Amino acid sequence: MKHKIIIAAAIISIFALQLSTLKAQTLERYYNRPFAHLGLNVGGGLGSMIYNNTLGKASPSYCIDLGFQYSQFFSGIGIGVGIRYSTTHASAVYNTEEVTTNLTHANNHYAHYDLTTRYDDWHERQTIHQLAIPLEVLYRFSMGGGRHFIGGLGIQLDLPLKGTYSAGKGSYTTTGLFHVARPHTLSDMPEHGFSTYNETFDAEIDHFSVGLGLVADLGIHLPLGYAGGLYLGLFASYGLTSALDATDPTPLLVINASDASRIDYHGTFAANGNPSLHLLRVGVKVGIDIGAPMEVGK
């Protein structure tokens, strides 16, 4: 009786193993067919604005990414196209002196002066919002059970939407050298715009330019039943062309020519006068999609 039970158990085990193998092979054939995915993904990581900062020290911050993507695989090779909305943040700190010459003062339009602005631990935060349309060549490698390693490399069209400066946390001190019959310097006269200030500013970044960039993805696609999947991976993008149009340089800030109680804040990119601004973003991405095999080759 004991032998019969052992033999029956062995037969059941072999049968179960064969069924399991057959199911795995069926899944493998199913997921390795020409396949299409339509998905939503979110990501975040490190964002950096690369430019020639002649005034202070620039630092990276963070980026956020949200997008839709359509991917189509023909066996191991495929293509992917999508649309992504992203925000890229960075910052700069200034401990420097800026001199702007031959200005006209609001309280005396006939007396020209030179403005000296001393920045002490002055912080500026930059934010750029953009849309990107990536086109990638994709490669997938089966890891068994419908799981795939996926890598992608391509180009993207960068469409900047809006940019802002947010400045403060620190101080700046203004003095004015007036060129009259007897040149003299004015300071500690806030009614004329010359004093030490701890103000904050919010200003727009303008003169954006449409550009081209590189984009790369690397991750694992996990099946969620027969209808979709979960993607976990890394992403990176870099702007090959400048995100800014060329403009003439302007001071970081000046006293308003019509009202000495107001400050016109122009921001880092305008003050540097350098149109070369490249956005670099790297981070992690999570996506979920619906997928289906395609009847290709029949």
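Summary of values
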{"read-out": "Test: residue in segment 137-153 that is under 30 Å from L252 (Cβ atoms) and either in the same structural domain as L244 (by TED's automatic domain parsing) or hydroxyl-bearing (S, T, Y) (or both)", "value": "no"}
{"read-out": "Candidate set: segment 114-124, residues that are surrounded by fewer than 18 Cβ atoms within 10 Å (Cβ to Cβ) and not acidic (D, E); chosen: the one nearest to A90 (Cα to Cα)", "value": "H123"}
{"read-out": "All positions within segment 98-126 that are within 15 Å of T250 (Cβ to Cβ) and among the aliphatic types (A, V, I, L, M)", "value": "V99, L103, L115"}
{"read-out": "Yes/no for S71 being assigned by TED's automatic domain parsing to the domain that holds T241 and either surrounded by 19 or more Cβ atoms within 10 Å (Cβ to Cβ) or under 30 Å from K169 (Cα atoms) (or both)", "value": "yes"}
{"read-out": "Residue in segment 255-274 that is surrounded by 14 or more Cβ atoms within 10 Å (Cβ to Cβ), farther than 18 Å from L103 by Cα and at pLDDT below 85 present", "value": "yes"}
{"read-out": "Of residues in segment 45-99 being more than 26 Å from L212 (Cβ to Cβ), of a type in the set (V, I, T) and in a strand (DSSP E or B), the one modelled with the highest pLDDT", "value": "V93"}
{"read-out": "Conditions (1) within 23 Å of S91 (Cβ to Cβ); (2) part of a strand (DSSP E or B): number failed by S242", "value": "(2)"}
{"read-out": "Matching entry among N102, N41 (being exposed (fewer than 13 other Cβ atoms within 10 Å of the Cβ) and either at pLDDT 95 or above or assigned to a strand (DSSP E or B) (or both))", "value": "N102"}
{"read-out": "Subset of segment 112-154 (residues that are in a strand (DSSP E or B) and acidic (D, E))", "value": "D114, D120, E124, E136"}
{"read-out": "Any hit, segment 172-186, residues being under 30 Å from G287 (Cα atoms) and either modelled with pLDDT of 90 or more or within 17 Å of the chain's Cα centre (by Cα) (or both)", "value": "no"}
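The values are calculated or read from the model by the stated rules, or taken from the named source; none is laboratory data. Everything numeric here is computed off the predicted structure, so don't read it as measured data. Glycine also receives a Cβ, built like all others from the backbone with ideal geometry; neighbour counts cover every protein chain displayed.
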